[in-house]
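A.B. asks: After the structure tokens below, expect a handful of questions from me.
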Ligand code: TUI
């Protein structure tokens, strides 16, 4: 069995987190992952606090195991969602797309373990100083909002810079990724894209099909000009956005083009106008299976690989 210090810190069986995917990761998916021995995470994205509270209640109904809530710091509702997480005393808060220093005291007082997602060594150091229990070092292979560095170089640098547990994210979708993350100085992984194929993941059939059919070059990055690079599947929406971005469109018209595009992908399955966020690992997602089976399969694969790893040493 694969175990690490993050398992003891959080009271989970396997060192596998499910990424807090906006519009996708709800109480049902998070509970299924936690029931399977990983850490399920409810995404808040740009949703209001009432939605997040509902999903927390849904997860609590489905599991008594620890789960987390992800706070998307660029959300207009970040403050109220942060307060809901504290009021509901969720086990874990993860944060993304910004600096969560302003909320750390509140969460600490509520007994919450805060695990910020970082994309740089500087933010990793700052988050450790402000009381983070662990960190998720997320490379640019990820889907959604991304940083500059790849997982391969970010994880060891973050692991060297802090003395709290580091979870690797970005481009990880199987046991090889988990084994590699442990070798890079991480003590677990977070996967988003792989869980898009979980039976308990409620996305449009169009979204699911696109993930299952994706090839190695099927994602692209838009939004660099506005300073918020986002990785998604190469679809008509993404191509159009990129064309506008480098064709002199105003910031306002770009914002307008992007508004509602995530909902159109997740809920409506609109292949033309939807923004289908996905990481580079989409091509490694092969079939629909229960979330618990994904957690188990990835950890079992990693165990087999690591048991055989001594063959490389002469
Ligand atoms: O946050 C994510 N991934 C996301 S958020 C999201 S919702 C969204 N939808 C459409 C457009 C924009 C956002 C979808 N996917 N991952 C964690 C992450 N955080 N990746 C990179 C960062 C990050 C980047 C810069 C964290 C901090 C940062 O700067 C910190 C500072 O000092 O402000």
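The values are calculated or read from the model by the stated rules, or taken from the named source; none is laboratory data. Remember, it's a predicted structure, so these values are computed and weren't measured experimentally. As a convention, Cβ positions derive from the backbone with ideal geometry for all residues, glycine included, and neighbour counts pool all protein chains shown.
A.B. asks: Please go through region 13-29 and give me each residue that is within 16 Å of the ligand (Cβ to nearest atom) and not in a loop (DSSP other than H, G, I, E, B), ordered by number.
C.D. replies: Correct list: 17, 18, 29.
A.B. asks: Somewhere in region 252-262, is a residue under 21 Å from residue 27 (Cα atoms) and at pLDDT 95 or above?
C.D. replies: yes
A.B. asks: Looking only at region 202-217, count every residue that is touching a helix residue (DSSP H, G or I) at 6+ places or on another chain (Cβ under 8 Å) and more than 17 Å from residue 21 (Cβ to Cβ) and tell me the total.
C.D. replies: Selection size over region 202-217: 2.
A.B. asks: Ok, one more. What's the total number of residues in region 219-265 that are away from the ligand (no atom under 16 Å from the Cβ) and within 20 Å of residue 22 (Cα to Cα)?
C.D. replies: 1
A.B. asks: Additional query: Six or more apart or on different chains, Cβ under 7 Å: which pairs go from a residue in region 45-60 that's in contact (Cβ under 8 Å) with a residue 12 or more places away in the chain and under 16 Å from residue 77 (Cα atoms) to one that's in a helix (DSSP H, G or I) and within 16 Å of the ligand (Cβ to nearest atom)? Could you list them?
C.D. replies: What qualifies is 49/81; 52/81.
A.B. asks: A further question on this structure: Determine, yes or no, whether residue 295 is assigned to a helix (DSSP H, G or I), touching a helix residue (DSSP H, G or I) at 6+ places or on another chain (Cβ under 7 Å) and in contact (Cβ under 8 Å) with a residue 40 or more places away in the chain.
C.D. replies: So residue 295 fits the description; yes.
A.B. asks: Would you mind listing the strands (runs of 3 or more DSSP E) fully within region 159-258 where at least 3 residues are buried (at least 20 other Cβ atoms within 10 Å of the Cβ) and in the same structural domain as residue 122 (by TED's automatic domain parsing)?
C.D. replies: 166-169, 189-191
A.B. asks: Looking at region 18-33, can you tell me whether even one residue there is under 25 Å from residue 207 (Cα atoms), over 17 Å from the mean Cα position of the chain (by Cα) and surrounded by fewer than 24 Cβ atoms within 10 Å (Cβ to Cβ)?
C.D. replies: no
A.B. asks: Consider region 261-285. How many of its residues are surrounded by 14 or more Cβ atoms within 10 Å (Cβ to Cβ), without any contact (Cβ under 8 Å) to a residue 60 or more places away in the chain and either out of contact with any helix residue (DSSP H, G or I) (no Cβ under 9 Å at 6 or more places or on another chain) or not in a helix (DSSP H, G or I) (or both)?
C.D. replies: Residues in region 261-285 being surrounded by 14 or more Cβ atoms within 10 Å (Cβ to Cβ), without any contact (Cβ under 8 Å) to a residue 60 or more places away in the chain and either out of contact with any helix residue (DSSP H, G or I) (no Cβ under 9 Å at 6 or more places or on another chain) or not in a helix (DSSP H, G or I) (or both): 2 in total.
A.B. asks: Let me ask something else. Scanning region 1-17 for residues that are touching a helix residue (DSSP H, G or I) at 6+ places or on another chain (Cβ under 6 Å) and closer than 17 Å to residue 290 by Cα, which turns out surrounded by the most Cβ atoms within 10 Å (Cβ to Cβ)?
C.D. replies: 16
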